[in-house]
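The values are calculated or read from the model by the stated rules, or taken from the named source; none is laboratory data. Since we're looking at a predicted model, the values are computed, not measured. Glycine gets a Cβ as well: all are built from the backbone with ideal geometry, and neighbour counts include every protein chain shown. Note: accessible area is taken over every heavy atom of the protein model, side chains too, but ligands, DNA and RNA are not part of it. Shrake-Rupley method; radii C 1.70, N 1.55, O 1.52, S 1.80 Å.
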Amino acid sequence: MEIVAVVVLAVFVAGYLVLAGADIGVGMLLPVLGRDARERRLVIAGIAPFFLGNEVWLVSAVGVVAGAFPGLEHRLLEGLFPVVSGLVLAWVVRDMGLWLRGRVEAAAWRAGCDGAIVVGSWGLALAWGSVLGTLLVAAAGEPVSGMNAGTVAGLPLAALFALHGAGFARWRLSGAPLERARRWPGRYAVTGAVLVAVAVLAGLGVPWEQVRASASALTVTAGTTVVLLPALVGAQALVWWTFRGRVHSPSYL
């Protein structure tokens, strides 16, 4: 069951990086893709139907870690507490900007929320890059701890999120924001494949035998997630099919 749990966790993590990595990347590029208030609303409309559903993959991954690999949670929190804290803070700031920007009809309010989206998205990209970079370095033999070579390795991974967002913007946006997105070299399928590869390689840096739960906990966690995974994939596919077209007008956000 350990192998099944590892595979399921890899699917959830890779799914999060590919799907949520797109809206993180678009948020990073918001000032570049949208030059005025209307264009920024259009850019945000491109990710509006997806970002909450994309975050479900992360919640599911955390559930698998808590149930099947509690030692991994301890190692990450102990060795990368500042990074993980910054990640959670950036997540809250980014989502706060997305949810609150349409609550007040004032230019200054929306500009502040747009700033929160950009800052939060960059924070998420840098934090995830640092976590993944640290795990990649750990695969080469360096322990997971604080500010190390993994943090430096995470910088190009953060840039990868921006390219991934540009590739997603090519598919969803229209008008001037689309033309600006086309100036970036990102291709959604290519950057998505790279993110999947990064997730798999990062997993090689985890001592699974040392962080796994008991056999009964592994069985329950792996069995439950295998049953729920098709429903999650189906729901995600439905959302993507429903909103597969380009956006031409602002959304409720």
(request) Examine region 44-54 for a residue that is open to solvent by less than 30 Å² (accessible area, probe 1.4 Å), in a loop (DSSP other than H, G, I, E, B) and out of contact with any His (no Cβ under 8 Å at 6 or more places or on another chain), and state whether such a residue exists. (result) yes
(message) Condition first: over 17 Å from LEU87 (Cα atoms) and open to solvent by 40 Å² or more (accessible area, probe 1.4 Å). Now tell me which residues in region 111-126 satisfy that.
(response) ALA111, GLY112
(request) Out of GLY86, GLY71, GLY46, GLY53, report the one residue that is in contact (Cβ under 8 Å) with a residue 40 or more places away in the chain, small (Gly, Ala, Ser) and within 23 Å of GLU209 (Cβ to Cβ). (result) GLY71
(message) Against the conditions (1) within 18 Å of ALA202 (Cα to Cα); (2) surrounded by fewer than 20 Cβ atoms within 10 Å (Cβ to Cβ), where does ALA37 fall short? Just the number, please.
(response) (1)
(message) Anything in region 73-84 that is open to solvent by less than 50 Å² (accessible area, probe 1.4 Å) and modelled with pLDDT of 85 or more? List them, or say none.
(response) VAL83, VAL84
(request) Please go through region 210-222 and pick out each residue that is free of Cβ contacts under 8 Å to residues at least 24 places away in the same chain and part of a helix (DSSP H, G or I). (result) SER216
(message) When the residues of region 196-214 are narrowed to those that are among the small types (Gly, Ala, Ser) and surrounded by 12 or more Cβ atoms within 10 Å (Cβ to Cβ), which ends up farthest from LEU19 (Cα to Cα)?
(response) ALA213
(message) Among the numbered criteria (1) hydrophobic (A, V, I, L, M, F, W, C); (2) open to solvent by 30 Å² or more (accessible area, probe 1.4 Å); (3) more than 16 Å from the chain's Cα centre (by Cα); (4) more than 20 Å from THR225 (Cβ to Cβ), which one does LEU89 miss?
(response) (3)
